[in-house]
Amino acid sequence: MFKSINSNQGELITIYFEGKTLNVPKDYNVATALLWAGVCDFRETTLNNMKRGPYCMMGVCFDCLININGMDNQQSCTIQVSDGMKIKRQVINSSGKK
Amino acid sequence: MNSAKYDIIIIGAGPAGISAAVLADQHKASVLVLDENCAPGGQIYRAIEKNQKSDNEWLGQSYQDGLPLIEDFRRSRVNYQHSAKVWHLSGAKAVHYSVNGKSHSAKGGQILVATGAQERPFPVLGWTLNGVMSAGAAQILLKESGVVYEDAVFVGTGPLLYLIVHQYISAGIPIKAIIDTTPRGNYLRALRHSFGVLKNTKNIFQGWRWKWEIIKSGTLYISNISDVRINGSDSVASVEYCQRSKWKNLNCKQVFLHQGVTPELNTSLSAGCDKSWDARQACWTIDVDQYGQSSVDGISVAGDASSIAGGVAAAQRGSIAALNMLYNLELISRGDRKVLSKPFKKKLSKEMAVRPFIDSLFKPHVRYRTPQDNETIVCRCEEVTLAQIKESIGVGCKGPSQLKSFTRCGMGPCQGRLCGLSVTEILAKELEIREEQAGYYNARPPIKPVTLAELASLDET
Ligand code: FES
């Protein structure tokens, strides 16, 4: 599991992943916050329904795509968390429909 | 649509971009810096301001060295836009970018692409499983948020791999093993270039020290391997490696892969800059002259975005490019350009002297650049395997663009960033042609995926 080695994590805010409440450091990006909270399965690939999560953490690979506040394809390693954010695993089948 | 106008627009705020910005500002040019990250420093000095307040010694001296540069940058009058995603750069020196889902445009008298490097793809069996990340990702998590994974396995080669492992060990994070994929023959090949090392011993000794301290720490260090793959159904269950023709298994839940870095190509290529294949670095580089001027008028490329030479070299190349842009803008004379660029060129040549050694030592084996197993996924986005690529070649596919239409390889959101190099080398190998002939994807705008809403918002500004 990912964990933090910083003794002081600063202010925590509340986000929701699949309806579950997570209290995460305010200055994390969404991908980091989820990994830190034990979530590594961010989405399912459209073709083979493989589970995927962040790979590069620097905005290159687009494997960290996730649904944030109802919007698919959000590049979670480049987006800061914000209070009350609602995050969902991204599942889009090949016809583009849910 | 009104575009803001600047003398110089710089894309990227790593050592190259920042050095260029600071120097251009000193010579009274108006400068806009567009940075994808939320704070200056690029990947090498990522989150440096944040870490300044903590006493995280394990980050090391080479990291802390970046601070004065960032401080100069903050003190300058440069217009700095963080969290900016540049999605279009045209030959007409217009830049389109979006911040928080809203698009903007700006025009520059001169443009500098300083978008840095990305990690080279590492297409081995199982590299798409959950629990496999790049070692660069491990470093970002550590630097930016102090987030780590205990008992992970690090696989690969290159200075960055040793650096992150060294940082983990210094911070007291247990590591399950390091599997070093540096090909044995590289040590000999590198020795031939050891003359250059004499000109810059500090650089090399630091690398050796990291490696030595890693071995000394008692961490399981596995080398001289001939193949590696990652097992698991949904997520990682183990890493397997082949040593002296025997496959061995290592159970683990997290793997970090790394085999060097390569230039960020999409930005320069989409603007029409010419490129060449660099056999020593086994990657494409952007053609620039001694001042960083690309083949497109008014567009310069500096730092690792043109060819890999590291952070210190990037700072010099950024400064040299800035002087040339200032000259093009008639803000300094030709003579000034020459005189002022001298100290940067001197420092740069010292950095460049060690490149042949480093490049030869850490050149990843061809078997890790072009996958061997037919089932290995080459294009992560569209889940295209080596078998599918070979099949397309078998029925007449001749190049990357055709491959796109045959298989969708390279058509996903990463726009070929994680498969482009592999595709060039696979095509070259299968068709028995040179990499130059095999070519690369045509990079077209948008450079980064944009939503229709983002596009539409441009017209309102
Ligand atoms: S993890 Fe690669 S783009 Fe976010």
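Taken together, the values in this text are just the output of simple stated rules run on the coordinates, not laboratory data. Being a predicted model, the structure only gives us computed values, none of them experimental. Cβ atoms come from the backbone with ideal geometry, glycine included; neighbour counts cover every protein chain shown.
Listed cross-link partners B:K216/B:K429; B:K85/B:K342; A:K51/B:K176; B:K211/B:K253; B:K28/B:K202; B:K176/B:K404 are compared with a 29 Å cut-off, the Cα-Cα value being larger for B:K216/B:K429; B:K85/B:K342; B:K28/B:K202; B:K176/B:K404.
Take each residue of peptide B:372-382, count the partner chain Cβ atoms within 10 Å of its Cβ, and average: the result is 2. Counting only other chain Cβ atoms within 10 Å of each residue's Cβ, the peptide A:3-14 averages 3. Within 10 Å of the Cβ of each residue in A:61-72, the mean number of Cβ atoms contributed by other protein chains is 3. What is the sum of charges around B:N200, taking Lys and Arg as +1, Asp and Glu as -1, for the other residues whose C-beta is under 11 Å from the C-beta of B:N200? Result for the neighbourhood of B:N200: +4.
Unpaired Cys in chain B, meaning no second Cys C-beta under 4.7 Å: B:C38, B:C242, B:C252, B:C273, B:C283, B:C381, B:C397, B:C414. Charge tally for B:S360 (other residues, Cβ to Cβ under 11 Å; Lys, Arg +1; Asp, Glu -1): +4. Evaluating kT/(6 pi eta Rh) at 25 °C and 0.890 mPa s, with the Kirkwood radius of chain A over Cα pairs in the Stokes-Einstein relation, gives 180 µm² s⁻¹. Close amide H contacts of B:R120 (hydrogens built in the peptide plane, cut-off under 5 Å, sequence separation of 5 or more or a different chain): B:Q259, B:G260, B:V261, B:T262. Proximity of backbone amide H atoms, modeled 1.01 Å from N, is registered between B:T181 and B:G156, B:T157 at under 5 Å, excluding neighbours fewer than 5 places apart on the same chain.
Which entries of B:K199/B:K345; B:K5/B:K338; B:K345/B:K448 have Cα-Cα distances beyond 23 Å here? The answer is B:K5/B:K338; B:K345/B:K448. Other residues whose C-beta falls under 13 angstrom from the C-beta of B:P15 contribute a net charge of -2, scoring Lys and Arg +1 and Asp and Glu -1. By the rule of a C-alpha distance below 15 Å, with chain neighbours fewer than 8 residues away ignored, the aspartates and glutamates paired with B:K398 are B:E425, B:E430, B:E432, B:E435, B:E436.
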